2 protein chains.
Amino acid sequence: MTERGHGSNVKRIQTEATFDLSAQEFVIHTPCEDAVKMYIGNAMHGNYAAVFAQLIVDGRSQGPHCFIVPVRDESGSLYPGVTAIDMMYKEGLHGVDNGILIFDKVRIPRDNLLDKFGSLAPGGQYYSPIEDKSARFNAILAALTPSRLAVTFQAMGAMKLGLTIAIRYSHSRRQFGPKAEEEVKIIAHQTQSLRLMPHLATTLALTFASRYAGGLLDEDIFQGKELVDSRPLQALVAGLKAYSTWENIRCLQDCRECTGGMGYMMENRISGLKCDTDVFVTFEGDNVVMLQVVVRELLAQYTKQCQERPLASWLRSWAESGGDNLRTSFLAFTANTVGALTFLLKAVNFRERVLQRGLVARIYYKVVTKKEDFFGAWNSCLHHVASLSLAHVHRVTLEQFYLAARRCPEPEHRALLMKFGKERDRLERLPQKNKEKDTEADPSAFCRLHINKSSSPVEGDKLTPGASSKEETGQFCLLYGTKLVFQERAWYLEHKYLTPAASTRIRSQLLDLCDSVKDDALRVISAFNIPHAFLHAPIAGIANPRATWAFYPAPLRPKPAAKL
Amino acid sequence: MTERGHGSNVKRIQTEATFDLSAQEFVIHTPCEDAVKMYIGNAMHGNYAAVFAQLIVDGRSQGPHCFIVPVRDESGSLYPGVTAIDMMYKEGLHGVDNGILIFDKVRIPRDNLLDKFGSLAPGGQYYSPIEDKSARFNAILAALTPSRLAVTFQAMGAMKLGLTIAIRYSHSRRQFGPKAEEEVKIIAHQTQSLRLMPHLATTLALTFASRYAGGLLDEDIFQGKELVDSRPLQALVAGLKAYSTWENIRCLQDCRECTGGMGYMMENRISGLKCDTDVFVTFEGDNVVMLQVVVRELLAQYTKQCQERPLASWLRSWAESGGDNLRTSFLAFTANTVGALTFLLKAVNFRERVLQRGLVARIYYKVVTKKEDFFGAWNSCLHHVASLSLAHVHRVTLEQFYLAARRCPEPEHRALLMKFGKERDRLERLPQKNKEKDTEADPSAFCRLHINKSSSPVEGDKLTPGASSKEETGQFCLLYGTKLVFQERAWYLEHKYLTPAASTRIRSQLLDLCDSVKDDALRVISAFNIPHAFLHAPIAGIANPRATWAFYPAPLRPKPAAKL
């Protein structure tokens, strides 16, 4: 798809697929330097390429379509007219051989057009089920939705790996401490838990949000629904792609820094993960473009609602706004409410709606009242667009985390958790030892820790997926919500949703939560269930014979728990 | 210095240098696995090592001292008792061969002790000009100050390189635009200038702040003053090291993302710079530790002032606080003041002082009133410590930027700028063309641009260093101050220093400034004066025969200007 001249603006790609009626063939051609295909994965070895090109019939373009173009024969030699150039070294992803493809009037059969959204009859008549050219283009691009979701899952995978390594090391490595006493684990330093715990909460939140998006996508595909018709899903996936990949970069950077010089060594994985995943913010749609896709879809929905029931929409919007104000003035002055998840859920909801109304009003004013050109008006609101877009994803992600934490788990998980329940009975009869020491030496310590932490008996059948109890997932959910409101507290203060005192409390709450979940973090990462063979970082306590010097003992050896 | 068990906590290193009276030698020994020397640069090739070890006389340690230990003979063979292990692959800095050094009772002459702060007589009597062991340790560590400043300069160098590449590309690459018109330069997208311009302003600010610190350091060295006696300078340099290296990471990450897939290609430099400089936040003192050094020094100063003139200090602090409040309530309600540099200077000053007073009060309460252990009390304030530390560096950096922008340049710069004045006369007689087109095609466009931008005549002899006029540096200085207040606006709102309306104006001001300086940015980066041979990134318009595919035309060819 990508060309030298056009990465994000796919509509203007310049590669041509001109129909030759007499030969019943398409002529694939690169008309200029800007039209060369770039960053093509496997370009140096592949036999076939799926090439996006302007479909030209009778000298007129029908917009970008996708064509199957054979580029090499079975022996690996390029076909005549095809040029491939290696793009050499990248920051990471060294296993992917990116290259440039150039086509010099390469002929392919008429059948090689992927014709779901636009086909060509043998006589040269173009037909598409979608008449509007722009809508057709959107339908073709909607095919990117599943791969964007895949990028989200990959980013989460990298976060889980990085956090597992950094948190295990933080519970093993010691530095500084009270005078003449043993040094403390580095996780005990306030700044260390403050840097790592919010990322762990975010990773859990993203797990549930992207699982939710995956469920919707499966359902649509199962029902044979066109992806382009699921605007909220497209918006959500574009937003999740941007949000998760940016969070991944921040998370791995903190993992790298929190593991010091050890984190800079390739043996310990984090650096390599950083380099490999850095491009996630760019490919499958640049993140800044993704944020615009989100808002375009949100506004399309909004417009549709307004067209269908203009008065009702307006009234609802007004009523919700009134409700927000009531909640605000009531809640913001009550001491403990910022600690309630319901308050946080309402806060992120409020922010999304206010930003959306504000953006609609601004664009309306610029385009309709001031008659500004749409591109210029949109561009002057890009910062606002980006804020709304992320606010939308934050809201959905917090909601999905909340719902998942409340929901009863699948039978498989329930059975696993019940087993913990039995284990508890046996272990409760053992004498209690010092908790910290236990976790390092004793393989059965995980279960004991699991129980010792709960002041009330664990209700096995109500636990959420993974090894975490409802209460603990709840704590991480609260931490995630607190982080979201904390990072946007200036906005909430500007909109008088938070009083200065409430804003200060949000900060204390963030610090307290990070401190209180830092030991549970070990159990959450063990519930990620990453096999040691895939982890293979010596500082995480997994021996590597080629780098014995980097080995640190594992902080504890929990039993494998359900996948999160 | 660094050992496996002790990186940041140097005081507790375990390598031993035991004095053998009869042989008049020190025995350098690694007593355990945690004591092996790690990350040692050039460990695989060096002939001598400067080894930090506990100096032990008569079974008692005098604390860490530095010893010269021969590790290899001239042919490169390790001496008996020395083991060197390669630490293999890192994220970057592949030219530095880091390794492990282990000593098995290696004997060195008594003279090999570097004895400025502690010497040993032939009879075994230890003498140090600094009696207090802790103060002696601080004096030895003060030697790190110059190398920390060097890291700051390296980080700035990387920022300048990255920004030069990203800004040149952003002024050359086009994507999206109004319907049926030529696509716009990507710098014209609001988000692009919003991501790059604040980094450019920060780089300029850091240039002046670190030049200021360098000046103080030179002066101290020239006057033969001990570094440990310059507490404010030590605090500033530790802070600048942390601040500049973190800003560098954020800056290069944005440069990478703002140059899309091209930024991920090694040929375009940014990825390599990122990997090489990533460890800057860790080495020469982990940044989180550096922030604590800053605050320790600030509090030491504070305590000293209070001890010397307790009433005066208290009164001054109180008076300044009252002044702050007056300023606040007056300024925050006046419409245009947030746009004044004086307001921003006062704001960062206010923040530093309030944070300092707050921290002193908190620690006093915890340690004196509540009798908490100092380590625990300090640790529970680490987030506060980090905020104060950065607030201090921000304040000094903005002040130094402001002073530099106001100051008259050196004669050499003045002469260069006078030449522009003459150039102007010639160019003003030329017909005026479309500004944007000019800058790309015409080598003399730089000068014309220089003049066209100014509404009033340029006063050559009052220009600041580099190619920027006073007015423009002023704009970047305003942008830097705006960025500082914008990023902490939640704090200012919490402390009622900003009203919600003023806070919203700060955001608009940031957006407006980023937009208005985006063309001047080309002249600022040209004033960095980086030779093309060092830049060699094809997307910056510097041809590379091995990667012709990455070449983008240079946005304009300004005349070389003075170094910044």
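Would you pick out the residues in region A:236-258 that are in contact with a Ser or Thr (Cβ under 6 Å, 6 or more places away or on another chain), closer than 17 Å to A:Leu163 by Cβ and not polar (S, T, N, Q)? Passing the criteria: only A:Glu247. A:Leu240: surrounded by 24 or more Cβ atoms within 10 Å (Cβ to Cβ) and within 29 Å of A:Val524 (Cβ to Cβ), yes or no? It is true that A:Leu240 is surrounded by 24 or more Cβ atoms within 10 Å (Cβ to Cβ) and within 29 Å of A:Val524 (Cβ to Cβ). Condition first: touching a Ser or Thr at 6+ places or on another chain (Cβ under 7 Å), facing chain A (nearest Cβ under 10 Å), of a type in the set (Asp, Glu) and open to solvent by less than 50 Å² (accessible area, probe 1.4 Å). Can you find one or more residues in region B:504-517 that meet it? Scanning region B:504-517, I find no residue that is touching a Ser or Thr at 6+ places or on another chain (Cβ under 7 Å), facing chain A (nearest Cβ under 10 Å), of a type in the set (Asp, Glu) and open to solvent by less than 50 Å² (accessible area, probe 1.4 Å), so the answer is no.
Considering region A:72-88, the residues that are closer than 23 Å to B:Pro545 by Cα and either in contact with a Phe, Trp or Tyr (Cβ under 7 Å, 6 or more places away or on another chain) or surrounded by 14 or more Cβ atoms within 10 Å (Cβ to Cβ) (or both) include one that is modelled with the lowest pLDDT, namely A:Met88. Take the conditions (1) at pLDDT 95 or above; (2) open to solvent by 50 Å² or more (accessible area, probe 1.4 Å); B:Gly95 misses just one of them, which is (1). Taken over region A:7-32, the criterion of being within 13 Å of chain B (Cβ to nearest Cβ) and closer than 16 Å to A:Phe103 by Cβ is satisfied by A:Ile13, A:Gln14, A:Thr30.
Scanning region B:151-172 for residues that are in contact (Cβ under 8 Å) with a residue 40 or more places away in the chain and surrounded by fewer than 22 Cβ atoms within 10 Å (Cβ to Cβ) returns B:Phe153, B:Gln154, B:Ser172.
Counting only helices (runs of 4 or more DSSP H) that sit completely within region A:116-225, those holding 2 or more residues that are under 26 Å from A:Ala550 (Cβ atoms) correspond to A:144-170, A:190-222. Selection of region B:76-106 for residues being β-branched (Val, Ile, Thr) and within 14 Å of another protein chain (Cβ to nearest Cβ) yields B:Thr83, B:Ile85, B:Val96, B:Ile100, B:Ile102. Can you confirm whether A:Arg173 is at pLDDT 95 or above and within 14 Å of chain B (Cβ to nearest Cβ)? It is true that A:Arg173 is at pLDDT 95 or above and within 14 Å of chain B (Cβ to nearest Cβ). Every condition in (1) out of contact with any Leu (no Cβ under 9 Å at 6 or more places or on another chain); (2) within 14 Å of chain A (Cβ to nearest Cβ) holds for B:Cys255 except the one numbered (1).
Residues that are aliphatic (A, V, I, L, M) and either modelled with pLDDT under 65 or open to solvent by 50 Å² or more (accessible area, probe 1.4 Å) (or both): list the helices (runs of 4 or more DSSP H) wholly contained in region A:356-455 that include at least 2 such residues.
Passing ranges, in order: A:411-428, A:445-452.
Among the residues examined, A:Leu141 qualifies as closer than 30 Å to A:Phe208 by Cβ and either open to solvent by 10 Å² or more (accessible area, probe 1.4 Å) or in contact with a Gly (Cβ under 9 Å, 6 or more places away or on another chain) (or both). Here A:Ala49 passes the criteria (1) free of Cβ contacts under 8 Å to residues at least 60 places away in the same chain; (2) under 15 Å from A:Ile100 (Cβ atoms); (3) within 14 Å of chain B (Cβ to nearest Cβ) except the one numbered (3). May I ask you to verify whether B:Phe350 is at pLDDT 90 or above and either under 19 Å from B:Glu494 (Cα atoms) or in the same structural domain as B:Ser387 (by the TED database) (or both)? So B:Phe350 passes the test. Against the conditions (1) surrounded by fewer than 24 Cβ atoms within 10 Å (Cβ to Cβ); (2) within 14 Å of chain B (Cβ to nearest Cβ); (3) over 17 Å from A:Ile167 (Cα atoms), A:Gly261 satisfies every one except (3).
The residues in region B:101-136 that are surrounded by 18 or more Cβ atoms within 10 Å (Cβ to Cβ), over 26 Å from B:Arg72 (Cβ atoms) and within 31 Å of the chain's Cα centre (by Cα) can be counted, and the count is 2. Search region B:12-29 for residues being farther than 18 Å from B:Arg110 by Cα and in contact with a Pro (Cβ under 7 Å, 6 or more places away or on another chain), and hand back the single one that is surrounded by the most Cβ atoms within 10 Å (Cβ to Cβ). So, considering only residues that are farther than 18 Å from B:Arg110 by Cα and in contact with a Pro (Cβ under 7 Å, 6 or more places away or on another chain), the one surrounded by the most Cβ atoms within 10 Å (Cβ to Cβ) is B:Ile13.
Against the conditions (1) buried (at least 20 other Cβ atoms within 10 Å of the Cβ); (2) out of contact with any helix residue (DSSP H, G or I) (no Cβ under 9 Å at 6 or more places or on another chain), where does A:Thr202 fall short? Just the number, please. The single condition A:Thr202 does not satisfy is (2).
Residues in region A:522-557 that are outside any loop (DSSP other than H, G, I, E, B) and under 12 Å from A:Ile165 (Cβ atoms): A:Ile525, A:His532, A:Phe534, A:Leu535, A:Pro538, A:Ile539, A:Ala540, A:Ala550. When region A:279-306 is limited to residues that are free of Cβ contacts under 8 Å to residues at least 60 places away in the same chain and open to solvent by less than 30 Å² (accessible area, probe 1.4 Å), the one that is nearest to B:Leu194 (Cα to Cα) turns out to be A:Asn287. Considering only residues in region B:30-51 that are part of a strand (DSSP E or B) and surrounded by fewer than 20 Cβ atoms within 10 Å (Cβ to Cβ), the one that is nearest to the chain's Cα centre (by Cα) turns out to be B:Ala50.
The values are calculated or read from the model by the stated rules, or taken from the named source; none is laboratory data. Worth saying up front: this structure is predicted, and the values here are computed from it rather than measured. Virtual Cβ from ideal backbone geometry, glycine too; neighbours counted across all protein chains shown. Surface areas here come from the heavy atoms of the whole protein model, side chains and all, with no ligands, DNA or RNA. Shrake-Rupley method; radii C 1.70, N 1.55, O 1.52, S 1.80 Å.
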